[in-house]
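These notes concern the structure reproduced below.
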Amino acid sequence: MADMTASTPDTTRRKGDTTLGHIVYVLRDNPVTMLAFAMLAFFLGCAFFGPALVPYDPLATNAARALEAPSWDHWFGTDNLGRDVFSRVIVATRLDLTISVAAVALSFVIGSILGSIAGYWGGWLDAVLNRCLDTIMAFPLFVLAMGVVAALGNTVENIIYATAIINIPFYARLVRAEVNIRRHSGFAQAAKLAGNSDLRVLAVHIFPNSLPPMMVQVSLNLGWAILNAAGLSFIGLGVAPPTPEWGIMVAEGANFIVSGEWWLAVFPGLWLMLAVFTFNLLGDGLRDIVDPRKRT
Amino acid sequence: MLSIKDLSVAFKTRKGEVNAVRGISLDVAKGKTLGIVGESGSGKSVTSYALMRILDAGGEIRTGEVVYGGIDLRAASERDMRDIRGREISMIFQNPRAALNPIRRVGHQVEDVLIRHAQATRQDAKAKAIAALEAVKINDAVARYDAYPFELSGGMCQRIVIAIALACKPQLLIADEPTTGLDITTQKAVMDLVGELARERGMGMILITHDLGLASQYCDRIVVMKDGLIVEEGDPQKLFTDPQHAYTRKLVDATPRVGASIRNLLPPETRTAEPAHKVHDRPLLEVRDLVKTYPGKSGPVQAVKSISFQIKSGQSLGLVGESGSGKSTTSEMVVRLQDPTSGNILFDGQDIAATPSARFMRHPMRGEIQMVFQDATDSLNPRGTAASAIAEPLARIARMRGSKLNARVAELAELVGLPQPLLSRFPHQLSGGQKARVGIARAIALEPKLLILDEPTAALDVSIQAIVLNLLVDLRAQMGMSYLFVSHDLNVVRLLCDEVLVMKHGEIVDRGPTAAVMNNPSHEYTRSLIEAAPQPPNPVAA
């Protein structure tokens with residue numbers, strides 16, 4: 001540091017310099033992150049290949065083998081119609097992940113745009129947007145989601161929209177704060193001198209700097225969105241039977257717990273819990289990956 | 001009174017162990033002031049943290065002993081240390097705003113330390129706190145007692161910090177860069193105050209600073225540190241006139257002072273002849289009756305009150321003033337980041353103030369006026385590499401692409417002396433001086449006619465400052481640019497500028513050729529600025 005004129009013996013590119021190298025470094029550095037990514041890979045595998053790999057058709061009924069306890073034939077047992085619970089749990093992964101990823105992506109995009117605008121230009125725009133978001137947050141969020149689905153109809157798309165709407169305020173506020181503290185920073189000013197329009201300064205220079213905290217929010221939110229979708233299905237708003245979905249399966253299985261057939265509700269519930277757990281663990285790792293300052 | 005023997009401190013980091021202090025010994029006598037001078041990373045602050053035993057996590061005293069008045073501070077229990085801190089040994093920190101709790105009234109913060117050390121009871125704490133505030137010459141201490149830190153100026157906050165440090169009448173005061181970030185007149189006031197209080201109370205003091213000039217003025221003895229070692233120790237006068245160690249000589253040379261030219265700041269062996277720059281008669285920039293008014297809580301605030309000046313083609317103009325003088329607002333209006341309330345800015349005869357700043361990025365003159373920002377760290381996008389920062393104006397304004405762009409970026413890096421391998425680094429992987437070079441390369445990428453320099457060296461060590469200032473002089477001669485050099489430091493302005501403007505409260509109070517203004521200030525304010533600057537003893541010509 002003392003002498004900048006001397007050539008630094010740093011001509012070789014170090015391992016952490018490439019994006020892939022950095023990801024490997026982050027994963028190695030923190031075993032929890034490694035575990036989270038491994039579990040994520042498992043869930044993604046289930047989502048992509050699950051339907052092709054499961055031993056039974058998730059919709060095929062078999063009245064002769066209804067309500068059987070877990071066994072080598074049926075790892076998670078069978079339900080009241082004789083369907084294989086294990087197959088249904090695995091096949092449901094795709095639908096549940098789709099709902100949560102789509103909903104989070106939607107609220108991420110909309111929230112980022114609204115928050116960036118509010119944070120960068122401020123003034124009346126900021127005030128109006130903030131009050132709108134406050135209005136959304138004034139509702140009990142789950143009740144709001146119920147209302148949206150009930151009003152728009154029981155479809156997968158509507159569950160996605162409802163979940164997205166109730167999440168928008170969190171993203172918008174986070175982005176607003178992150179953009180706001182950087183809007184007069186030196187690098188934003190320098191970018192203007194370099195011929196960037198306000199919009200470009202915002203989109204290319206300021207917004208990406210809010211990604212690290214956003215990634216934490218995204219991963220927590222993914223887990224939360226899965227719970228939300230399952231919750232909606234649980235109370236009968238959302239995915240309709242017989243489609244395999246964790247929320248419905250827990251709801252249907254709940255009726256049988258009193259009579260001792262615990263596996264109907266426990267296994268989908270366990271999967272739901274593991275999925276949420278995975279996403280919650282993922283946050284720190286994702287943040288470290290998108291933060292260039294971790295590349296030392 | 002305090003004696004440190006063979007102290008070494010190490011920090012555990014992700015990349016292994018770092019030896020911040022590697023075996024230093026020093027003594028502080030009662031009533032004497034010891035200066036520890038060094039650049040960033042020299043271990044001077046770590047030394048003081050170690051003796052107060054407030055090292056960051058991961059830091060550890062490895063060897064050596066620290067004895068204060070017969071007590072071994074290294075062996076003392078945490079409980080004893082708590083009694084010693086504030087009562088026996090006190091500390092003033094670098095950033096006074098960060099050292100004060102923002103949500104508590106300053107008076108209460110003074111009371112805290114008094115009550116903690118049983119110097120006051122709940123009943124008389126307020127009176128004693130006010131007395132402590134008065135001791136540091138705070139006007140209207142009774143009213144200030146109820147103020148929050150954000151309501152006070154930087155200099156006032158530093159006085160509060162001093163009041164807290166001195167409230168319990170400690171025997172030893174450690175001042176860690178107490179005036180960094182303060183205006184030059186405030187710096188003088190604060191340093192004079194600390195010196196006077198130390199004399200009055202017979203207090204020992206350790207002054208930690210990167211400014212050799214400042215240390216020479218207020219210290220009885222100076223130790224110079226580099227890379228965790230003491231390289232030289234001695235009497236300030238002697239250190240300046242006859243530095244023994246090469247590093248001390250480099251520091252002495254790099255300290256701006258009266259009578260030194262800009263090349264004198266560099267070590268003798270790297271000095272070359274100062275290139276001449278040509279000043280044409282044609283005015284490049286003409287500012288007429290520029291006014292900037294902000295809407296304020298209690299009526300509009302006039303930041304800039306109708307100022308006019310011009311810069312000739314090839315000329316360097318210094319704009320000097322303290323914080324709040326309107327110099328930054330003026331430079332931001334000239335570089336078209338802000339719109340003036342009224343007035344004209346003629347650049348090459350064209351009124352560029354007529355185009356609003358929000359649309360100026362498409363103006364054909366955008367590439368002609370560029371700026372180097374004050375804080376190099378803040379002015380680089382943390383997510384972009386050095387190369388991407390330099391390439392930005394080339395890609396956006398000059399529409400360069402591909403290999404041509406890369407070649408130009410490499411050429412600019414060469415021009416500012418930035419080693420090529422560093423181009424792929426992110427800002428946090430670069431040192432302060434390297435970041436300053438990236439900022440300069442970006443600003444000169446389009447070969448602007450006018451470059452605005454907003455305190456480009458304020459955050460840099462003196463030796464780096466010397467290199468960067470000389471780089472600017474070379475670039476000016478090479479590219480024929482005009483400079484508008486904004487600074488609070490007259491000693492630096494003098495080195496670089498042909499003419500100088502002195503601003504105060506939004507008005508120009510003094511102007512003229514630099515030598516005339518410096519040697520013969522016509523305005524009282526200019527005189528106070530010149531007097532406030534530390535005057536290091538002149539070294540013997542090397």
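What do you reckon, is A:V128 farther than 23 Å from A:P212 by Cα, assigned to a helix (DSSP H, G or I) and at pLDDT below 90?
no
Just to confirm my filter: which strands (runs of 3 or more DSSP E) fall fully inside segment B:183-301 and include at least 1 residues that are under 30 Å from B:Q370 (Cβ atoms) and not aliphatic (A, V, I, L, M)?
B:283-294
Kindly evaluate B:S403 against the criterion of being of a type in the set (S, T, N, Q) and in contact with a helix residue (DSSP H, G or I) (Cβ under 7 Å, 6 or more places away or on another chain).
When the stated conditions are applied, B:S403 does not pass them.
Listed here are the residues, each with its yes/no results for (1) within 14 Å of another protein chain (Cβ to nearest Cβ); (2) surrounded by 17 or more Cβ atoms within 10 Å (Cβ to Cβ).
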{"residue": "A:P212", "(1), (2)": "yes, yes"}
{"residue": "A:Q217", "(1), (2)": "no, yes"}
{"residue": "A:N221", "(1), (2)": "no, yes"}
{"residue": "A:L227", "(1), (2)": "no, yes"}
{"residue": "A:F234", "(1), (2)": "no, yes"}
{"residue": "A:A240", "(1), (2)": "no, no"}
{"residue": "A:G260", "(1), (2)": "no, no"}
{"residue": "A:L272", "(1), (2)": "no, yes"}
{"residue": "A:R287", "(1), (2)": "yes, yes"}
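Among the listed residues A:A225, A:A275, A:A251, which satisfies the condition of being modelled with pLDDT under 85 and aliphatic (A, V, I, L, M)?
A:A251
Taking the condition under 22 Å from B:A458 (Cα atoms), crowded, with 17+ Cβ neighbours inside 10 Å and charged (D, E, K, R), does B:R396 pass?
no
Could you tell me whether any residue of segment B:450-457 is of a type outside the set (D, E) and free of Cβ contacts under 8 Å to residues at least 40 places away in the same chain?
yes
Can you work out which of the residues in segment B:396-421 that are more than 22 Å from B:Y483 (Cα to Cα) and facing chain A (nearest Cβ under 8 Å) is nearest to the chain's Cα centre (by Cα)?
B:P419
Please enumerate the residues belonging to segment A:155-183 that are within 14 Å of chain B (Cβ to nearest Cβ) and either part of a helix (DSSP H, G or I) or under 24 Å from A:K294 (Cβ atoms) (or both).
Narrowing segment A:155-183 to residues within 14 Å of chain B (Cβ to nearest Cβ): A:178-179, A:181-183.
A:E178, A:V179, A:I181, A:R182 - these are the residues of segment A:155-183 that are within 14 Å of chain B (Cβ to nearest Cβ) and either part of a helix (DSSP H, G or I) or under 24 Å from A:K294 (Cβ atoms) (or both).
Which of the numbered conditions does A:G186 fail, given that it passes all the others? Conditions: (1) buried (at least 21 other Cβ atoms within 10 Å of the Cβ); (2) within 14 Å of another protein chain (Cβ to nearest Cβ); (3) modelled with pLDDT under 90.
(1)
Of the numbered conditions (1) touching a residue at least 60 places away in the same chain (Cβ under 8 Å); (2) more than 20 Å from B:G213 (Cβ to Cβ); (3) within 10 Å of chain A (Cβ to nearest Cβ), B:G432 fails exactly one; give the number of that condition.
For B:G432, the failing item is (2).
Within the set of pairs 6+ apart or on separate chains, which have a first residue in segment B:28-45 that is part of a loop (DSSP other than H, G, I, E, B), a second that is surrounded by 24 or more Cβ atoms within 10 Å (Cβ to Cβ) and of a type in the set (V, I, T), and C-beta atoms under 6 Å apart?
B:G43/B:V21
Any idea which residue in segment B:57-85 is farthest from B:I160 (Cα to Cα), counting only those that are buried (at least 17 other Cβ atoms within 10 Å of the Cβ) and in contact with a Lys or Arg (Cβ under 7 Å, 6 or more places away or on another chain)?
B:G64
For A:V85, indicate whether it is closer than 24 Å to A:L222 by Cβ, touching a residue at least 40 places away in the same chain (Cβ under 8 Å) and of a type in the set (A, V, I, L, M, F, W, C).
No; evaluated as a whole, the condition is false for this residue.
Considering only residues that are in contact with an Asp or Glu (Cβ under 9 Å, 6 or more places away or on another chain) and either modelled with pLDDT of 85 or more or not in a loop (DSSP other than H, G, I, E, B) (or both), look in segment B:528-542 and name the one that is farthest from B:K250 (Cα to Cα).
Of everything passing the filter in segment B:528-542, B:L529 is farthest from B:K250 (Cα to Cα).
Consider B:V258 carefully, then state whether it is surrounded by fewer than 19 Cβ atoms within 10 Å (Cβ to Cβ), in contact (Cβ under 8 Å) with a residue 40 or more places away in the chain and closer than 23 Å to B:M191 by Cβ. Working first, answer last.
Values: surrounded by fewer than 19 Cβ atoms within 10 Å (Cβ to Cβ): yes; in contact (Cβ under 8 Å) with a residue 40 or more places away in the chain: yes; closer than 23 Å to B:M191 by Cβ: yes.
Here the answer is yes, as B:V258 does meet what is asked.
Considering segment B:145-174 alone, what residues qualify as being assigned to a helix (DSSP H, G or I) and among the β-branched types (V, I, T)?
If the condition is that a residue be assigned to a helix (DSSP H, G or I) and among the β-branched types (V, I, T), then B:I160, B:V161, B:I162, B:I164 are the ones that fit.
The values are calculated or read from the model by the stated rules, or taken from the named source; none is laboratory data. This structure is a prediction, so every number in the text was calculated from the model and none was measured. All Cβ positions, even for glycine, are placed from backbone atoms using ideal geometry, and neighbour counts span all protein chains on display.
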